[in-house]
Amino acid sequence: MALASMFDGPHASVFTLSTTDSWHIMGVIAVFLVVYSFALVVHRLWYSPLAGFPGPKHLAVTSWYETVVDLFSHDFPERLCNMHEKYGPIVRVAPSELHINDADYFTTVFAAAASHRTDIIPPRGLGMDDSLGSTTHHDLHQLRRKPLDRFLSRQNVMRLQGIIHNEIRILDRMILTAKGKGTAVRLDHAFASFTGDVVGQVACGESPGLLDGPNFTPEWYTMIRGAAKAIPLLRHFPQIGSVMQCVPAGLLQKIFPNSTGFKILQLLGEKQIARIRTEVDREMKGETEVNSSMFHHLLRSDIPELEKHPTRLNAEAVSFLGAGTYPTAATLILTAYYILATPNVEDRLRNELKDVMARFDDEVPNYVDVEQVEYLGACIKEGLRILRLFRRKGRLSADEDLHYKQWTIPKNTLVTMSPYSLHMDPDVFPDPHQFNPERWLSKDPDPRMDRNLVPFLKGSRNCIGMK
Ligand code: HEM
């Protein structure tokens, strides 16, 4: 009522615009936009601090080109390789981004904390804005990472092996049951549920029981894959993600079946954090048994209270459930596929695993013993090498300029590199698309192979779950 009546009465004419006035205003806006766009183009091409770097002019002018490619032809990484062939190892691939293709420079960009502080431009709209992996600034990231690093240290992960062993037994039982019935097993469903259960148990102290579900709960795989598929769209249009978070999951499922993944992860995360919080509160009063999951550990730690806020921990839960489940499942799926599709690899692996698996299933082999099976390690390295998940990742050096050959890269510039390009370098990995574990077992190994294999990235923000 108030709003309507404001425009009535004697002053109404003050707010009345004639058609001519409207055209004038629109004209002024149009002229402003043209002048602004022109000035922006001139600035980006000639006056930006990145103006002198090589690269195609259309990418220096706008990021929209990449958006269109990502939405319709999905081959930007291949186009990036062609650009390096044309322009050299450093290319300006967006108005404020440089892409470098040089394995020797990897640890300068993905630097350790002792070398320099690194910021990131985090993805937004995924429901994990406040999580470790989405923390923009170096110092806050380090504060958040410290207690988690302790929990996910190799030593502690060794102590958590029992969780993995239990899930292996369930997986084995389910596969044998399917075999007994003569039913085919979808390994993608089985592995996604396996990793979901392990991460759920390690992070939240409760297995979601996905492996036990009928046919390994295929809905989980569909959901988590849908979330991964939505990433390119949300990367360019994070606003869509923010709106999606307000829409009920059921409705969202009907409109955009692929996009519900993050929403469901978010609901799952919220439920888990609420439960853990109640458990830790009760534990403080001496009422319940101590649970040793990662979030219990985090809630008991001495990090600032603000860091224990439900919104932040919910975001962390979404991040861990997603980041822990999908890449691990994808690696298992791809590696298992190549092993089973290459009979000589399968035969050799079975043979080399004989000793360590001798007492299975009375006893699941210990990680330290499994680690000794070199051929298994070589198969895993090949799987991680061929995996195409992380195609372009970036960091910003927060306080100091970086130097690359004759170039000075101003501090706070987004510098990206592509692990997959390093993994596919035919000079280092001859016949790079071939799954060839033997290449890792040479008597005289090429040191460039380990240098080029960076599936978990490097430095202060590398994968925390890699142990
Ligand atoms: C084969 C399996 C995995 C691969 C290939 C992988 C790969 C990666 C990569 C490349 C990053 C860096 C992402 C970036 O900088 O944007 C990353 C970060 C991360 N990963 Fe993994 N990951 C795997 C398994 C896991 C597991 C099992 C967990 C959880 C237990 C996990 C949790 C995380 C978290 C929380 C981060 C963010 C770390 C930070 O920003 O400090 N990942 N992972």
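The values are calculated or read from the model by the stated rules, or taken from the named source; none is laboratory data. Just so it is clear, the structure is predicted and the values come from calculations on it, not from any experiment. Because the Cβ atoms are built from the backbone with ideal geometry, glycine has one as well, and the counts that use them run over all protein chains shown.
Apart from one condition, Y420 fits all of (1) farther than 21 Å from T118 by Cβ; (2) within 11 Å of the ligand (Cβ to nearest atom); the exception is (1). In summary, helices (runs of 4 or more DSSP H) completely within the range 78-197 and bearing 3 or more residues that are within 15 Å of the ligand (Cβ to nearest atom) and modelled with pLDDT of 95 or more occur at 106-109, 138-151. Counting only residues that are over 12 Å from F106 (Cα atoms), surrounded by 18 or more Cβ atoms within 10 Å (Cβ to Cβ) and away from the ligand (no atom under 11 Å from the Cβ), the range 437-467 holds 3 of them.
Going by the structure shown, is E206 over 22 Å from the mean Cα position of the chain (by Cα), more than 24 Å from M357 (Cβ to Cβ) and within 16 Å of the ligand (Cβ to nearest atom)? Criteria met by E206. Go through the range 371-412 residue by residue and tally those that are surrounded by 14 or more Cβ atoms within 10 Å (Cβ to Cβ), over 20 Å from I333 (Cα atoms) and touching a Ser or Thr at 6+ places or on another chain (Cβ under 7 Å). Residues in the range 371-412 being surrounded by 14 or more Cβ atoms within 10 Å (Cβ to Cβ), over 20 Å from I333 (Cα atoms) and touching a Ser or Thr at 6+ places or on another chain (Cβ under 7 Å): 9 in total.
Somewhere in the range 347-364, is a residue within 16 Å of the ligand (Cβ to nearest atom) and outside any loop (DSSP other than H, G, I, E, B)? No - not one qualifying residue is present in the range 347-364.
For the range 98-122, the set of residues classified as under 23 Å from G88 (Cα atoms) and not small (G, A, S) consists of L98, H99, I100, N101, D102, D104, Y105, F106, T107, T108, V109, F110, listed by residue number. Does the range 375-387 contain at least one residue that is outside any helix (DSSP H, G or I) and either of a type in the set (S, T, N, Q) or more than 16 Å from the ligand (Cβ to nearest atom) (or both)? The answer is no, given that none of the residues of the range 375-387 is outside any helix (DSSP H, G or I) and either of a type in the set (S, T, N, Q) or more than 16 Å from the ligand (Cβ to nearest atom) (or both). The set of residues in the range 171-229 being basic (K, R) and in contact with a helix residue (DSSP H, G or I) (Cβ under 6 Å, 6 or more places away or on another chain) consists of K229 alone. For D75, are the conditions met, namely being modelled with pLDDT under 95 and of a type in the set (D, E)? In short, yes.
When residues of the range 279-297 are filtered for being over 25 Å from the mean Cα position of the chain (by Cα), modelled with pLDDT of 75 or more and under 18 Å from V202 (Cα atoms), how many remain?
Residues flagged as over 25 Å from the mean Cα position of the chain (by Cα), modelled with pLDDT of 75 or more and under 18 Å from V202 (Cα atoms) within the range 279-297 amount to 4.
Assessment of the range 358-380 against the conditions (in contact with a Phe, Trp or Tyr (Cβ under 9 Å, 6 or more places away or on another chain) and closer than 30 Å to L80 by Cα) yields at least one matching residue. Do we find a residue being surrounded by fewer than 17 Cβ atoms within 10 Å (Cβ to Cβ) and of a type in the set (S, T, N, Q) anywhere in the range 195-207? No, the range 195-207 contains no residue that is surrounded by fewer than 17 Cβ atoms within 10 Å (Cβ to Cβ) and of a type in the set (S, T, N, Q).
Per the listing E346, E279, E283, the residue uniquely over 23 Å from R159 (Cα atoms) and surrounded by 14 or more Cβ atoms within 10 Å (Cβ to Cβ) is E346. P343 meets the conditions (1) in contact with a Cys (Cβ under 9 Å, 6 or more places away or on another chain); (2) of a type outside the set (A, V, I, L, M, F, W, C); (3) more than 16 Å from the ligand (Cβ to nearest atom) in every case but one. The failed one is (1). Taking every residue in the range 184-209 that is closer than 11 Å to W220 by Cβ and among the hydrophobic types (A, V, I, L, M, F, W, C) and pairing it with any residue that is within 11 Å of the ligand (Cβ to nearest atom) and modelled with pLDDT under 95, at least 6 positions away or on another chain, the pairs with Cβ-Cβ distances below 8 Å are A192/T325; A192/Y326. All told, T325 meets the bar of being within 19 Å of P123 (Cβ to Cβ) and within 15 Å of the ligand (Cβ to nearest atom). Inside the range 132-143, residues that are in contact with a helix residue (DSSP H, G or I) (Cβ under 7 Å, 6 or more places away or on another chain) and either of a type in the set (A, V, I, L, M) or under 20 Å from S292 (Cβ atoms) (or both) make up a count of 1.
Looking at (1) more than 16 Å from the ligand (Cβ to nearest atom); (2) closer than 26 Å to I170 by Cα; (3) among the hydrophobic types (A, V, I, L, M, F, W, C), find the lone condition where L299 falls short. L299 satisfies every listed condition except (2). Which of the residues that make up the range 212-254 are without any contact (Cβ under 8 Å) to a residue 12 or more places away in the chain and more than 30 Å from V68 (Cβ to Cβ)? Passing the criteria: P214, E219, P248, G250. For the range 400-414, does any single residue satisfy the condition of being outside any helix (DSSP H, G or I) and within 30 Å of G200 (Cβ to Cβ)? No, the range 400-414 contains no residue that is outside any helix (DSSP H, G or I) and within 30 Å of G200 (Cβ to Cβ).
The single residue among V69, V61 that is modelled with pLDDT of 95 or more, β-branched (V, I, T) and under 33 Å from the mean Cα position of the chain (by Cα) turns out to be V61. Within the range 78-91, residues that are at positive phi reach partners that are at pLDDT 95 or above with beta carbons closer than 8 Å, at six or more positions or on different chains, in the pairs G88/P54.
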